[in-house]
Amino acid sequence: MSDPRDTERLLNAYFASLPTPDGADMDGKILADALVTMQKIKNQSAAPVSGGTWRIIMTSRISKLAFASLVVAAALFFTFFDGFTKPAWALTDAVEALRGFGAVHLIGAIPGKDGVETGVEMWMRANKSRTSSKDMVVRYTNGIVLWVQGESTYTYMPESNTIRHVNAITAGAVHWLGPAMLEKLGKAKNSQVFYGTDPATGRRQATLLCVYFNMLRPQSYSITFDVETKLPIAMTVWYNQQDRRGNPSLRIWQITYYDDLPDSVFVVESPKDAHQVEKELTIPESKLAPLTDPRSGISAEGLDLEQASHRVLTQLYQAIQDGNLGEIRRLCPTVADWTDEMINTFLLAPEQRPAQPVEIRPICKQGQSKLGPLVVVPCLIKTQSGTVREDKMIVQFRTIDGKSSCVVPGPYGLPREIE
């Protein structure tokens, strides 16, 4: 089994790559975009959780030696099936099938050192609008536990008997594993759908292959659906473009869908003698380069931290509301090299853009980077889609040529929907 330190390193690397603007202190950013591998599956039943209906499709592991010829035949069948038979499944079917579910249980693995995998089990519950996750627990087979409770994220490290605490939601699904996410992946460049039959069960399957360009890098996906239930049944994502080679960043081979889950599922009982450590607010030196451009940000001369952070965030949200891409890039230089399409997708969608002036609240946390002071400022936003959320935004202060100025590196954790 992987060393817990290896798992922690992989978690940080994995979450840092997923599609949300870089915050200074992210244990995990998005399990939301972590979908799906082409697994061999079979239906099994599971005991229902009180208060919710369920569906479960479990992936079966098949001996490569015993079924080599069948695997080859299945691969050929995936390629040619669509040419002879009218498909009984479409992505729109899966979108509709997922609308009724507000919680999910995933079992799979993440790659470890030298290709050794660490098993992972995740429980997630959607927020009220089912646009992102609200509650989450992730348990690793080496004993590490990650969970979101209220507005905070905790990570228990058994090797040191330590609980790391972050006063922000730094793990979860920015895009809930539901209709909105599938629609985004279905519209991704080079998306393809193949139809076939699982040689082990005889059940019809559909597989979506696509490349999704997130904020940091392209990611390749394989998402397998059961044609009868219309639901995703297995998932894989790779950090590459199109070829889907090498160790994936996440593999999921069992998915259980629920209407809802009881609160007790998300309660984590950690050892009473565990050492509590609150992570400091900082930005790694390797990520500071975009924040040093003197043309970016605004002047902070004659202003205190509260006044300057309020001013720069007011201007940034106004630029987002107006769709002013140049001003967004100037105030938030971490997105300066994003394409117009990326900014439109991640920042200017109706569920992101403010519908009215944003309420900028007082500073709630302070820290330090190599450039200077850091502050976290809560911002209350009513979006064009009608939801209300809280962003915790980081403001970086710096001194360039003897003059004080500030920029916005990005959010501190994930947005929180106000219910």
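The values are calculated or read from the model by the stated rules, or taken from the named source; none is laboratory data. Source: prediction; values computed, not measured. Glycine gets a Cβ as well: all are built from the backbone with ideal geometry, and neighbour counts include every protein chain shown.
Which residue is surrounded by the most Cβ atoms within 10 Å (Cβ to Cβ), if the candidates are limited to segment 260-318 and must be over 25 Å from the mean Cα position of the chain (by Cα), more than 21 Å from residue 148 (Cβ to Cβ) and of a type in the set (Gly, Ala, Ser)? Filtering first and then ranking leaves 309. Condition check: assigned by TED's automatic domain parsing to the domain that holds residue 409 and surrounded by fewer than 17 Cβ atoms within 10 Å (Cβ to Cβ). Does residue 350 satisfy that? Taking the combined requirement at face value, the residue satisfies it. Please work out which one of (1) modelled with pLDDT of 85 or more; (2) more than 21 Å from residue 106 (Cα to Cα); (3) assigned to a strand (DSSP E or B); (4) among the hydrophobic types (A, V, I, L, M, F, W, C) is the condition residue 255 fails and give its number. Only one criterion is unmet by residue 255, namely (2). Among residues of segment 300-313 that are within 11 Å of residue 397 (Cα to Cα) and among the hydrophobic types (A, V, I, L, M, F, W, C), those with a beta-carbon under 6 Å from a residue that is at pLDDT 95 or above and in a loop (DSSP other than H, G, I, E, B) at least six positions away or on a different chain give the pairs 308/300. For segment 319-344, residues that are buried (at least 19 other Cβ atoms within 10 Å of the Cβ) and of a type outside the set (D, E, K, R) total 9. Restricting attention to segment 297-344 and to residues that are touching a strand residue (DSSP E or B) at 6+ places or on another chain (Cβ under 9 Å) and closer than 22 Å to residue 188 by Cα, the residue that is modelled with the highest pLDDT turns out to be 335. Of the residues in segment 356-367, none is on the phi > 0 side of the Ramachandran plot and assigned to a loop (DSSP other than H, G, I, E, B). Filtered by the rule that a residue be over 28 Å from residue 165 (Cα atoms), assigned to a helix (DSSP H, G or I) and not hydrophobic (A, V, I, L, M, F, W, C), segment 334-355 gives 340, 341, 344, 345.
Candidates 379, 406: the one that is assigned to a strand (DSSP E or B) and within 26 Å of residue 133 (Cβ to Cβ) is 379. Every condition in (1) at pLDDT 85 or above; (2) closer than 17 Å to residue 414 by Cβ; (3) buried (at least 18 other Cβ atoms within 10 Å of the Cβ) is met by residue 152 except one, and the failing one is (3).
May I ask you to say which residue of 228, 159 is among the acidic types (Asp, Glu), over 30 Å from residue 278 (Cα atoms) and surrounded by fewer than 18 Cβ atoms within 10 Å (Cβ to Cβ)? It would help to see each step written out before you state the result.
On the way: 159 fails: over 30 Å from residue 278 (Cα atoms).
Matching residue, one of 228, 159: 228.
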